[in-house]
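The values are calculated or read from the model by the stated rules, or taken from the named source; none is laboratory data. These numbers were taken from a predicted model, which means no experiment stands behind them. Using ideal geometry, Cβ is built from the backbone for each residue, glycine included, and neighbour counts are taken over all protein chains shown.
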Amino acid sequence: MGKVCKKCGYARKPQDAAPAYACPNCGAVYEKVEAQLARQATGDGAPKNLPGARRINRKAGPAFRRGSHLLLLLVSWVLGLAGIVNLLAGDFKLAILTLPALIVALPASRKLLPSVVQVSLIGLLITGLTVNNLIDAIQETERLEKEAAERQDRREEYAKRRAERIADFESKKQALLSEARLNLSDGNFGAVLAVTTEWADLKDKELVELEREALRSAKEELANGNFAFLSGFNNSDFPQFALLNEEAQRLRAAAEARAEAEACKKDLQCWGDKHTVMAGFRCDNHVERLAKYAFEWTDGFLEPKFSRFRWKSKESGVITYIGDKIRFQNGFGAWQNYVYECDLDPISEVVHDVRASPGRL
């Protein structure tokens with residue numbers, strides 16, 4: 001009888017043509033199968049395709065799997081103990097996050113704790129969380145009630161102080177109004193506004209009207225150039241001062257501009273230079289109309305058309321502008337340079353007269 005394959009149980013026959021080292025039926029190598037069976041018998045591992053390999057592989061698994069189980073068990077116990085500490089400390093919200101690790105995280109932990117203990121811990125946890133939420137709700141209600149009581153106290157205190165202030169004002173009202181009207185008639189607007197500002201929160205109609213009248217009179221004084229009453233006050237004395245001060249600054253600037261314009265109007269050089277550009281725009285069309293035939297300007301792009309000026313009427317501010325940057329064509333087609341003059345009133349921007357004569361300046 002021939003060699004028996006230990007993998008499939010086939011007995012080799014003399015007529016089999018397969019190599020002597022392999023099974024003719026399944027093709028397995030005799031030595032490899034025998035070596036694998038020997039390792040299996042000694043617990044040194046087994047191939048996955050052999051019978052019983054799954055059971056043997058699970059019992060003789062890598063060492064890191066056992067280490068992982070121990071690590072998870074350690075973490076579970078740490079979290080569980082932390083949950084117990086939080087539970088005893090009354091921090092039920094944190095306990096509900098950590099305590100379940102001790103109860104349900106690992107099978108080993110569940111086996112260590114009896115079912116009664118597990119149920120007791122779960123019940124204690126739920127009860128503690130409920131009590132904690134109830135305590136939070138009670139504390140929140142107490143806080144809201146306290147805030148409402150404080151607001152009510154503040155309202156009552158404000159009402160009391162306002163009543164006292166109204167009574168104080170009523171006792172002084174006639175004297176205050178009389179003094180304020182007297183200051184208004186004397187032009188002492190600052191004193192009037194100081195009184196109206198002090199009692200502005202009461203919004204008394206007579207004081208409000210007196211304040212409006214003082215502001216109107218103050219603006220009239222400012223328009224007339226009287227700024228003396230503003231001295232001695234600042235923005236912190238009464239809010240209306242800021243508006244009056246802005247109005248005073250505007251009027252001062254306008255007065256200075258008018259004075260500067262009047263001074264420039266009396267100086268030929270200032271007045272002429274100031275309106276040279278205007279003369280170029282206002283007079284050029286009038287000068288062109290003096291040509292009987294064609295005309296041609298000879299000034300450059302940035303060169304002024306008028307290079308000189310003189311008074312036409314100093315009292316009215318009319319200036320005669322003079323230039324020679326144009327050529328007129330005569331009837332024979334010849335070109336000739338001309339000197340032109342333009343009488344311009346810069347205030348009304350009106351051209352009074354233009355004239356031209358042959359020649360150059």
Legend entry - the stretch 275-296 residues that are within 12 Å of Gln329 (Cα to Cα), paired with ones that are of a type outside the set (Gly, Ala, Ser) and assigned to a helix (DSSP H, G or I) (beta carbon under 8 Å, 6 or more apart): Phe295/Glu288
Inset, instruction - Pull up the stretch 341-356, narrow it to residues that are touching a Lys or Arg at 6+ places or on another chain (Cβ under 7 Å) and surrounded by 14 or more Cβ atoms within 10 Å (Cβ to Cβ), then point me to the one that is farthest from Arg282 (Cα to Cα). - result: Glu341
Inset, instruction - With the condition kept exactly as written, say whether any residue in the stretch 314-322 is farther than 21 Å from Asp267 by Cβ, surrounded by 12 or more Cβ atoms within 10 Å (Cβ to Cβ) and not aromatic (Phe, Trp, Tyr). - result: no
Inset, instruction - Might you let me know whether the stretch 191-207 holds any residue that is outside the structural domain of Glu256 (by TED's automatic domain parsing) and either among the aromatic types (Phe, Trp, Tyr) or closer than 30 Å to Val85 by Cβ (or both)? - result: no
Inset, instruction - Pick out, from the stretch 256-335, the strands (runs of 3 or more DSSP E) lying fully within it that include 3 or more residues that are assigned by TED's automatic domain parsing to the domain that holds Val351 and closer than 14 Å to His352 by Cβ. - result: 308-313, 318-329
Inset, instruction - Could you grab me the full set of residues in the stretch 12-68 that are among the aliphatic types (A, V, I, L, M) and at pLDDT 50 or above? - result: Ala17, Ala18, Ala20, Ala22, Ala28, Val29, Val33, Ala35, Leu37, Ala38, Ala41, Ala63
Inset, instruction - Answer with yes or no whether Tyr338 is among the aromatic types (Phe, Trp, Tyr) and within 25 Å of Cys264 (Cβ to Cβ). - result: no
Legend entry - Pair list, Cβ < 9 Å and 6+ apart or interchain, from the stretch 344-361 residues that are closer than 20 Å to Ile326 by Cα to residues that are hydrophobic (A, V, I, L, M, F, W, C) and assigned to a loop (DSSP other than H, G, I, E, B): Val354/Leu290; Arg355/Leu290; Ala356/Leu290; Ala356/Ala291
Inset, instruction - Could you grab the pairs with beta carbons closer than 9 Å, sequence gap of 6+ or different chains, first residue in the stretch 230-255 and closer than 15 Å to Thr196 by Cα, second one modelled with pLDDT under 70 and outside any helix (DSSP H, G or I)? - result: Phe241/Phe233; Phe241/Asn234; Phe241/Asn235
Legend entry - Any hit, the stretch 155-166, residues being surrounded by 10 or more Cβ atoms within 10 Å (Cβ to Cβ), in contact (Cβ under 8 Å) with a residue 12 or more places away in the chain and in a helix (DSSP H, G or I): yes
Inset, instruction - Looking at (1) under 30 Å from Asp201 (Cα atoms); (2) surrounded by fewer than 12 Cβ atoms within 10 Å (Cβ to Cβ), find the lone condition where Glu260 falls short. - result: (1)
Legend entry - Cβ pairs under 6 Å, 6+ apart, first in the stretch 185-210 and without any contact (Cβ under 8 Å) to a residue 24 or more places away in the chain and over 15 Å from Leu244 (Cα atoms), second aromatic (Phe, Trp, Tyr) and assigned to a helix (DSSP H, G or I): none
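Going by the structure shown, is Arg289 surrounded by fewer than 16 Cβ atoms within 10 Å (Cβ to Cβ) and not hydrophobic (A, V, I, L, M, F, W, C)? Lay out the reasoning, then the answer.
Numbers: surrounded by fewer than 16 Cβ atoms within 10 Å (Cβ to Cβ): yes; not hydrophobic (A, V, I, L, M, F, W, C): yes.
Considered against the rule, which asks whether it is surrounded by fewer than 16 Cβ atoms within 10 Å (Cβ to Cβ) and not hydrophobic (A, V, I, L, M, F, W, C), Arg289 comes out as yes.
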Legend entry - Positions within the stretch 141-174 being among the basic types (Lys, Arg) and in contact with a helix residue (DSSP H, G or I) (Cβ under 9 Å, 6 or more places away or on another chain), in sequence order: Arg162, Arg165, Lys173
Legend entry - Residue count for the stretch 337-361, restricted to those that are out of contact with any helix residue (DSSP H, G or I) (no Cβ under 7 Å at 6 or more places or on another chain), on the phi < 0 side of the Ramachandran plot and of a type outside the set (Lys, Arg): 14
